[in-house]
1. State, to one decimal in nm, how far the label point of residue 29 lies from the label point of residue 53, with both points 7 Å from Cα in the Cβ direction.
2. Each residue of segment 64-69 in order: what ³J(HN,Hα) in whole Hz does its phi give by Karplus 6.51 cos²θ - 1.76 cosθ + 1.60, θ = phi - 60°, with x for Gly and Pro?
3. Give me a comma-separated list of calculated 3J(HN,Hα) values for segment 56-62, in order, Karplus coefficients 6.51, -1.76, 1.60 applied at θ = phi - 60°, integers in Hz, x for any Gly or Pro.
4. Residue by residue through segment 85-99, which ³J(HN,Hα) values in whole Hz follow from phi under the Karplus form 6.51 cos²θ - 1.76 cosθ + 1.60 (θ = phi - 60°), with glycine and proline marked x?
5. Stretch residue 107-residue 156 to full length: gain in nm at 0.36 nm per residue minus the Cα-Cα span?
6. Excluding residue 145 itself, what net charge comes from residues whose Cβ is under 11 Å from its Cβ, given Lys and Arg +1 and Asp and Glu -1?
7. Give me the extension gain from residue 78 to residue 43: residue separation times 0.36 nm, minus the current Cα-Cα distance, reported in nm with one decimal.
8. So who's got an amide H within less than 5 Å of the one on residue 32, skipping anything under 5 residues away but keeping other chains? H placed 1.01 Å off N, in plane.
Amino acid sequence: FKKERTLEENSGKAFHDPALIGYEELMEQKEIFCQVTVPRTLQIQADRGLFREALENLVENAVKYSPQGGEIRISIKDSKEKSCLQIENTGVHIPTDKIPCLFQAFYRQEESRSKETGGAGLGLYLVKKALELQHISYEAQNTQEGFQISLWLKKTQTSEKLQTESRETSDKNDKLSV
């Protein structure tokens, strides 16, 4: 399996290294290339355990359902208040009318896959529940090259930013609110 990091070697370890552990052998067997593009540091508002389980499930699906020689791309697009985590696997498309069903309990895209890849069709349902509990928005869609799931993650505010906002609020309202 080939893995490429487009930023520093330690960049974003919290996002991709734990999620890829355990899938290296399958990725190597399937000759899957994994491209990870994440910032060095990123602080988000999320429950560490729930978020990690959701992320691992998304990566597991990307590996299982990528074809031989496919590519998995994990990236983060950053904006001022949110970051968008995208996990895309190439070479697969899902009928557009079936995409909303992916997050339903016990749904299997193809029944024949259950013998090949295992599972009861609960993975993405559990991802959905974990994300909803944390108020994390998500979207699944076909791309030109494959299938992608995007998560919109709220950033945490640094104490410096909170202090600035508190001062601004205080100046405007003549009272301090944090």
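1. Going from the residue 29 label point to the residue 53 one covers 2.6 nm.
2. Coupling constants for segment 64-69: 4, 9, 7, x, 3, x Hz.
3. Karplus-based 3J(HN,Hα) across segment 56-62 equals 4, 5, 5, 5, 4, 4, 4 Hz.
4. In residue order, the calculated couplings are 8, 10, 10, 10, 10, 8, x, 10, 9, 10, x, 3, 6, 8, 4 Hz.
5. My answer for the length gained is 14.2 nm.
6. Neighbourhood net charge equals -1.
7. The span from residue 78 to residue 43 would gain 11.5 nm if fully extended.
8. When sequence neighbours closer than 5 places are left aside, the close amide H contacts are 2, 69.
A short reminder: the numbers here are calculations on the coordinates, not readings from a lab. Predicted model, so just to flag it, every value in this text is computed and none were measured. Methodologically, a virtual Cβ is constructed for each residue, glycine included, from the backbone with ideal geometry; neighbour enumeration extends over all protein chains shown.
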